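A short write-up of the structure that comes next.
The values are calculated or read from the model by the stated rules, or taken from the named source; none is laboratory data. Since we're looking at a predicted model, the values are computed, not measured. Using ideal geometry, Cβ is built from the backbone for each residue, glycine included, and neighbour counts are taken over all protein chains shown. Just the protein is used for accessible areas: all its heavy atoms, side chains included, with ligands, DNA and RNA removed. Shrake-Rupley method; radii C 1.70, N 1.55, O 1.52, S 1.80 Å.
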Protein chains: 2
Amino acid sequence: MKKKIVRIKDIAEKAQTSKGTVDRVLHNRGRVADDVRERILAIIKELNYEPNLIAQSLKSQRAFNLAALIPDPNLDSYWEAPHNGLEKAEKELRQYGVHITKFIFNSHSDTSFIAKAKEVGREHPDGLLIAPIFYKEALPFFKEWADMGIPYVLFNTQIEHVHPLCYIGQDSYRSGSLAAKILRFGLHSPATVLVAHVNEDISNSAHLITKEEGFRDYFKGEKLDGTFKVISKEINFPEEEGPDKQLDEIRKQYPDLGAVYVTNSKAFEVAAYLEKNALNDIKLVGYDLIGPNQQYLNKGIIDFLINQNPLGQGYWGIHQLANYLIFKKEIPAIKFLPLDIITRENLDYYLDPQ
Amino acid sequence: MKKKIVRIKDIAEKAQTSKGTVDRVLHNRGRVADDVRERILAIIKELNYEPNLIAQSLKSQRAFNLAALIPDPNLDSYWEAPHNGLEKAEKELRQYGVHITKFIFNSHSDTSFIAKAKEVGREHPDGLLIAPIFYKEALPFFKEWADMGIPYVLFNTQIEHVHPLCYIGQDSYRSGSLAAKILRFGLHSPATVLVAHVNEDISNSAHLITKEEGFRDYFKGEKLDGTFKVISKEINFPEEEGPDKQLDEIRKQYPDLGAVYVTNSKAFEVAAYLEKNALNDIKLVGYDLIGPNQQYLNKGIIDFLINQNPLGQGYWGIHQLANYLIFKKEIPAIKFLPLDIITRENLDYYLDPQ
DNA sequence: TTAAAAAAAGTGTTCGAGCACGCATTTGGA
DNA sequence: TCCAAATGCGTGCTCGAACACTTTTTTTAA
């Protein structure tokens, strides 16, 4: 009935040796006779010893300086959530000696990114969390950090062949398919469906392309090619203007426009246009629970949002580093976060999770 | 730059007293002169002291015997998930001395419930997690447990006026509205919408009624009364037979049946019927990711499932007890879990969370 | 054969909070 | 005035693991 906690001392007693020796076996600090080692290992297995993390971290007491290289939330409110997420994680992990230094760059300026990335190197953090939105500019730094032995976790943007400790984010392909599924569910008569990449430098954003693939493949897979026509456009405009001109153009060309899928968090821009022109029948799906999106979701102009859980990305990113550095756990190379479907009725539950 | 951890000793030094005294102030163990108490309190606030949970629980080391009063998962696979959830929580909390004893009753037998509930009382656990699916039978026990000073957490079924430490589950009303929203999105031409209570004793299941209310109110709120007609039926049948007869009847009466909302985890029964009769155009929404439901979700016969996160209910239930008993945290009276919308494309992420 | 070196194993202190214990001072009642 | 009780508050041990340090044992070389 009683679950006895196995301590190092128990193992030592059973093996007729001292806890110091057991400790040496556990941490491979050598200087233990082979037969004793074998005996201890066997007993550890037999008693199913699990180190007491509590006592462990109470003792070790060392500081872990983590660095976070992320965009300025003042320039794009999408980045507020990751900030909150890593602050939440920092709070939880402070007890374990975790401290995070933020290196904040301008998401519109590659030089600012490079400057901050250099700074990170100079700081020699124990671990690094990074949103590598500048793909090409980031590449040389990954090599540098690897050489310095700094483990780094990527989030938000998945990059191939750079061997991070872990990538945290969503499966972009699936994400696109999901958006397609939802819109398909709401569409009935033949219609044109628009994939809109709004105000984003597509050349630096491979994941948006992947989303589009997933989206298109869904419609192909459902053998609906005849009924639905998928088109995609990059819609760029200065902030003051809005996308009106481009969308007018598209509607003129495709009068049967039935749905719009916005591949980033800028769905509110399209929503504003739809509202202005009273286009209630055009379905709209986008990403992220930023303020303007929430408003249009509540108005019913945006039908569904897919939550990329940017807060969770920051939170889990830091936790993965801690799991690796402090708790010596195995880290999966990819941690996909759920594709949460959000609508007016369940929005609340995703705003401040847990 | 450095985040200094404030210790009791630091407070003691600043207050020119000993850590023992600070400790007495912190835990209201009296025997401290008023002026000293004031001074210490002020310093605690000033330094923003937060007790080191690690050291705290390392010391205390006392055993917490929790009891879980839940239905047998072998009789209804829905209950597997809560079992897994509380095992997961137990694993995490074993370090803190938590041990869970399960009292498993037959979900179809009130006498079995009563017998197990009595057993719980005899065991005098430190805390109790309970799925009170027998409403009337449970009432006297709540009083008994309260008198014994055993805190209890409810999950799955919300009961009014019994003052649990906390209720864990979903907002049934919202849950119904959400289902309505989804089905509404997929419906176009005028149609009849069926709310199906499948094989459930409705008199003991207030939350199913609440779901139906939420569902109906959504359609009312949207001013769609004219276009959509909401009907509700209790559909009871022996396991071997299936709901075919009842559903045939309903379809005869309402030939324009466009959607079915199953208020519990039995959507697969309706799905089997729809598949058999090739009724591809009838939309179907139900609850819970149990095996049969998953199959029909993958086939596209069930369009969406709402995840009640039964695993999370067990997991969080135990955690709330631990937060209360061990970490002395404030417990909210209600913890609503998110209303997750699940479809084929995002199912994976919800199967084994975190 | 023995001394020195190397290897193996044991000992003791540390981390922060909880709490039992007990000393010192004050208070109260006769 | 004197003793006992009550109050105020400091000391020191505890928890489990880590690691430096010490002691013991074994090996090697002279």
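For the protein assembly as shown, just say rounded, prolate or oblate: build the C-alpha gyration tensor, square-root its eigenvalues into a ≥ b ≥ c, call rounded for a/c under 1.5, and beyond that prolate if a/b exceeds b/c, oblate if not. Display every interim value, and only then the final one.
Working: a/c = 1.90, a/b = 1.22, b/c = 1.56.
It comes out oblate by the Cα gyration axes.
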Taking alpha-carbon centroids only, the stretch A:171-231 lies from the stretch B:273-336 a number of Å equal to 28 Å
In chain B, helical segments from DSSP H whose Cα atoms cover 15 Å or more along their own axis and that average at least -1.0 on the Kyte-Doolittle scale are B:34-47, B:110-123, B:135-148, B:172-186, B:206-221, B:310-325
Counting only protein heavy atoms and leaving out ligands, DNA and RNA, the solvent-accessible surface of B:Phe134 at a 1.4 Å probe, in Å² to the nearest 10, equals 20 Å²
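Could you pull out the pairs from A:Lys88/A:Lys329; A:Lys88/B:Lys91; B:Lys91/B:Lys335; A:Lys136/A:Lys229; A:Lys91/B:Lys91 whose alpha carbons sit more than 25 Å apart here? Before the final figure, lay out each step's value.
Values: A:Lys88/A:Lys329 21 Å; A:Lys88/B:Lys91 23 Å; B:Lys91/B:Lys335 22 Å; A:Lys136/A:Lys229 34 Å; A:Lys91/B:Lys91 23 Å.
Pairs exceeding 25 Å: A:Lys136/A:Lys229.
How do A:Glu92, A:Glu240, B:Glu160 rank by accessible surface area computed with a 1.4 Å probe, from largest to smallest? Show your work: numbers first, answer last.
Numbers: A:Glu92 80, A:Glu240 155, B:Glu160 115 Å².
In descending accessible area the options line up as A:Glu240, B:Glu160, A:Glu92.
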1/(1 + (r/R0)^6) with r = Cβ-Cβ of B:Asp244 and B:Ile114, R0 = 35 Å, i.e. FRET efficiency to nearest 0.05, evaluates to 0.45
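Which order do B:Thr343, A:Thr227 take by accessible area at a 1.4 Å probe, largest first?
Numbers: B:Thr343 0, A:Thr227 55 Å².
The ordering from most to least exposed comes out as A:Thr227, B:Thr343.
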Mean separation of Cα contacts under 8 Å (at least 6 apart) over the residue count of chain A, i.e. the relative contact order in percent, is 17 percent
Log entry, pair B-A: total buried accessible area, probe 1.4 Å, protein chains only, in Å² rounded to 100, is 4500 Å²
Taking a ≥ b ≥ c as the square roots of the eigenvalues of the Cα gyration tensor, with a/c under 1.5 meaning rounded and otherwise prolate when a/b exceeds b/c and oblate if not, chain A is prolate
For A:Leu347, the residues 5 or more places away or on another chain with a placed amide H closer than 5 Å to its own amide H are none
Per-residue average of other protein chain Cβ atoms inside 10 Å, peptide A:48-55 -> 3
Taking Lys and Arg as +1 and Asp and Glu as -1, residues besides A:Gly186 with C-beta under 13 Å from its C-beta add up to +3
So the carbon and sulfur contribution to the accessible area of the stretch B:192-279, 1.4 Å probe, in percent, is 47 percent
Label points for B:Phe327 built 7 Å along Cα→Cβ; distances to same position in the other copies, nm, shortest first, come to 1.3
at A:Lys91 the sorted inter-copy label distances (label 7 Å from Cα on Cβ side), in nanometres, are 2.7
Within the set B:Ile318, B:Ile202, B:Ile334, GNM on chain B using Cα springs under 10 Å gives the largest fluctuation to B:Ile202
Restricting to aspartates and glutamates and to Cα separations under 19 Å from A:Lys14, and discarding same-chain partners fewer than 8 apart, the set is A:Asp23, A:Asp34, A:Asp35, A:Glu38, A:Glu46, A:Glu50
Sorted shortest first, the nm distances from the B:Asp34 label point (7 Å along Cα→Cβ) to its counterparts in the other copies are 7.5
Net charge near B:Asp303 (other residues with Cβ under 12 Å of its Cβ; Lys, Arg +1; Asp, Glu -1) is +3
Residues whose built amide H sits under 5 Å from the amide H of A:Ile302, excluding neighbours closer than 5 in sequence, are A:Leu297
For the stretch B:107-216, the dipole about the Cα centre with charges only on Cβ (Lys and Arg +1, Asp and Glu -1), to the nearest 20 debye, works out at 440 debye
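Nearest 500 deg cm²/dmol is fine: what mean residue ellipticity at 222 nm does chain A get from its DSSP H runs of n ≥ 4 alone, each adding -39,500 (n - 2.57), divided by its residue count?
Values: 14 runs with 159 residues, N = 354.
One gets -13500 deg cm²/dmol as the mean residue ellipticity at 222 nm.
According to the square roots a ≥ b ≥ c of the eigenvalues of the Cα gyration tensor, what is the shape class of the stretch A:172-307, taking rounded for a/c under 1.5, prolate for a/b larger than b/c otherwise, and oblate for the remainder? Walk me through the numbers on the way to the answer.
Values: a/c = 1.35, a/b = 1.18, b/c = 1.14.
Rounded, since a/c falls under 1.5.
How high is the FRET efficiency between B:His124 and A:Ala33 when r is their beta carbon distance and R₀ equals 41 Å, given to the nearest 0.05? Mind dumping the intermediate values first?
Details: r = 49 Å, r/R0 = 1.20.
Efficiency computed from Cβ-Cβ geometry: 0.25.
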Net charge (Lys, Arg +1; Asp, Glu -1) of residues whose beta-carbon lies under 13 Å from that of A:Asn28, A:Asn28 excluded, is +4
To the nearest Å², the heavy-atom accessible area per residue of chain B with 1.4 Å probe amounts to 47 Å²
For peptide A:88-99, the mean count of other chain Cβ atoms within 10 Å per residue Cβ is 2
Ignoring ligands and nucleic acids, A:Glu38 exposes an accessible area, probe 1.4 Å, in Å² to the nearest 10, of 120 Å²
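Contour minus end-to-end for B:Glu234 and B:Asn199, with contour as 0.36 nm per residue of separation and end-to-end as the Cα-Cα distance? Mind showing how you got there, number by number?
Numbers: separation 35, 0.36 × 35 = 12.60 nm, distance 0.74 nm.
Gain on extension, B:Glu234 to B:Asn199, equals 11.9 nm.
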